1. Give me the mean projected area, in nm² to one decimal, of the convex hull enclosing the Cα positions of the range 2-69.
2. Would you mind telling me the share, in percent, of accessible area of the range 278-368 contributed by carbon and sulfur at probe 1.4 angstrom?
3. Relative to the first principal axis of the alpha-carbon coordinates of the chain, what is the inclination of helix 67-81, with its axis defined by its Cα atoms, in degrees from 0 to 90 and to the nearest 10?
4. Determine, for each peptide in 180-192, 415-427, the mean count of other beta carbons within 10 angstrom over its residues, then list the peptides with the highest first.
5. Report P(r) for the range 73-188: all Cα-Cα distances, bin width 5 Å, range 0 to the bin holding the largest distance, values in whole percent.
6. Rounded to the nearest 20 Debye, what is the dipole magnitude of the chain about its Cα centre when Lys and Arg each give +1 and Asp and Glu each give -1 at the C-beta?
7. Using only alpha carbons, build the gyration tensor for the range 340-385 and give me the equivalent ellipsoid semi-axes, biggest first, whole Å.
8. State log₁₀ I(q)/I(0) for the chain at q = 0.05, 0.08, 0.10, 0.12 Å⁻¹ as given by the Debye formula over alpha-carbon point scatterers of equal weight, solvent excluded.
Amino acid sequence: MTALGVSELAGLLNEPQLEAVTAADGPLLIFAGAGSGKTRVLTYRIAHLIESGRAQPDDILAVTFTNKAAKEMRARLEELLGPGRAPVWMGTFHSICGRILRRDGDLIGISRSFVIYDQADRLAVVKRAMQKLGLDEKKFPPNSVSAKISHAKNEMQGPAEFAQAADDYFAEVVSRVYPVYETAMRDAGALDFDDMLLMAVRLFQQDPTCLARWQSRFRQVLVDEYQDTNKVQYTLVKLLAEKHRNLCVVGDDDQSIYRFRGADVRNILFFERDFPDATIVKLEQNYRSTQNILDAAYAVIRSVAERAEKKLWTSEGKGSKVLLGQVYDEQEEADTVASEVRRLTNQEGYSLADIAVLYRTNAQSRSLEETMVRQGIPYKLVGGTRFYERREIKDALAYLRFMFNPADAVAFRRIVNVPRRKIGDKTTALVEAAAATRGVTIGAVLQEPGSIAGLTAAAVEALGGFRDLLDNLSAELEQHPLQEVIGMMLVRSGLQGMVADGTPEGEDHWQNLLEFKGLASEYSGLTGREALGRFLEEAALVSDVDGLDETRPGLTLITLHMVKGLEFPVVFMTGMEEGLLPHIRALEEPGGVDEERRLCYVGMTRAKRRLYLFHSFRRHLFGTANLNMPSRFLAELPEDIIERPAGSIRVQGGPGNRATVLDAVSRQPPAPAPPLVQRYQAGQRIKHRTFGAGVIVKSTLTRTDEELIVRFDNVGIKILSASMAPLESE
Ligand code: ATP
Ligand code: MG
């Protein structure tokens, strides 16, 4: 065990960090910029509380932003304190609330075996509710309805409050769906992600004795990334910390990027108001990045309207300049990233794990992924189709879910005829209707399929077979470890036969299922239903970023939202274009651009040594080609900290210069130019046979052609190929 006295800590922390780590009981706010050691301080504070005997591991509640962050913190604490001495209650808001509800949820009528419905499940429930109400999905996109319900829950509005506050037509429609949705969820014994938080708050509000018990238990409450708490989370923290008032929160208003989920940056700005006696510690020294990277990030964040001024500094020195490059299109962007990654790994001693490529929207990952596959560069994709969202995994999970909770209607519907066993929609509907009329679970109805009105003999038999399958598996669960039962389930249900069909894709899907089975080995210490319950809970809670497998080598592809809190020696930010960052949707909302600035700031401050900013002249996204202007944020960067490689304006070969952004970095002579002559220039007037007269806005030489952007007097902007378009000079 490492001694963690003040003198030892002093060697590991700077002065304000040490002050925060050793601060006495009472409310404590650590308010600081990116990379200044907030998470580190939180970790050391926990270690110090335990080491100094001020708290036992069991007294501490530590809230992290992702499960991955919790795992990292636990590993670090075990290093500092010795094995088994890290706090037991460490995790995301969702996992903590899940655990509280499993213990005490029954006090407000929540079954201990509730299942968690993810985004896709809840969308299915929303759709069913809309069908019931005869609402047209084309007019009212179920996704938007689902998002609106989610938002209401984050604002702690139940169906009645929501209906009362509904002030436009769409809200009125949602207010009709919301109660039907809630009933369906209750009948299925299911909670969605928002419910988990909301129900925990309800529990505490409705049962003061229960609240008092949890309040006494958690003598110390610590919350990382506090700037991204929404109303429910804020309420929960306040309730839990009310008794002992030992609440330590850590955050950075400049990194608040979850407004769309109801996060309210004012929670951190108002901490002083909520706790007038709070100790406040500010950290300004950054230990992550070079000064050039910090200056670039500051240039973007400084003009945010509502922010607490803080400027980061480092003793690391200026470091390399920030590389700003224009590429021709997303293909070239990906190629450029790939060759630069090769250069960094071959010549500069970086490993793939040191490198992250960031983007604003998931759709942008496709071209990057394709290129990495083609070039044989291993990568980890975070925030794309997640493991648990893959079809075969959802099927397998649904079997387990329905075994665990025979009321789970979404799971039942998913598997009753997968693989095919001649149970059609009509039969399924009759089963569900019987369960609803009798007021019992679907599983209970299945015990006597013959008693369900309106079924054919064939349907009764098919349902009987389905029931036997599940009953047998449930019986196995009492005898064998979960992992083995999952293996039996895959074979006996027919999922294996369905998936492993001999094709390479099938093989891939089967590998996923095997991996899924492997995950259950973690629960070998538990038995039967308990193991199953824990396994399902974990599966439902793994958030996107937790898909990051640390042990596999590979470059990280990740969205700006997911990358919060992480750090990498080398960061590429792609798609730094108007319409992408800032995103087009943000431009229309008040405060939207400021949120995008913060997102950009989060991205830039992930970089330790090298930061690359790419914008593309042209981008195919959502099926159309757009001409994108460089992001306004790029124009704000001070010239003396950025490097614009020669030729980057026309990366793919201006006349006499085929330099790419890479040449400037690798200091290699440019490759020879392609033998193409530019025929048109910006400002030149031309005439097109169909479009009429116009002026050239931009001409770019590509590998094989000259691409023109023309603003026509009558039809607006068009992109044309000079070799194909019927053009003449005016
Ligand atoms: P973010 O705002 O991105 O969440 P943060 O403020 O939580 O960042 P940390 O992740 O805790 O910052 O720290 C950033 C990096 O600096 C980490 O690698 C951390 O180990 C290192 N670091 C922080 N403080 C010190 C210190 N006093 N001495 C050495 N390294 C430090
Ligand atoms: Mg942090």
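The values are calculated or read from the model by the stated rules, or taken from the named source; none is laboratory data. From a predicted model like this one, the values you see are computed outputs, not experimental measurements. Neighbour counts are summed over all protein chains in view; Cβ atoms, including those assigned to glycine, are modelled from backbone coordinates with ideal geometry. Just so you know, the surface numbers come from the protein's heavy atoms only, side chains and all, with ligands and any DNA or RNA stripped out. Shrake-Rupley method; radii C 1.70, N 1.55, O 1.52, S 1.80 Å.
1. Values: hull surface 20.9 nm².
Answer in nm², one decimal: 5.2.
2. Values: 1550 of 3500 Å².
Answer for the range 278-368 is 44 percent, counting heavy atoms of protein chains only.
3. The angle comes out at about 80 degrees.
4. Averaged packing, sorted descending, gives the order 180-192, 415-427.
5. That works out to 2, 10, 16, 17, 16, 11, 9, 7, 5, 4, 3, 1, in percent per bin.
6. 640
7. Computed over the range 340-385, the values are 21, 12, 9 Å.
8. Results for the chain at q = 0.05, 0.08, 0.10, 0.12 Å⁻¹ read -0.30, -0.76, -1.13, -1.44.
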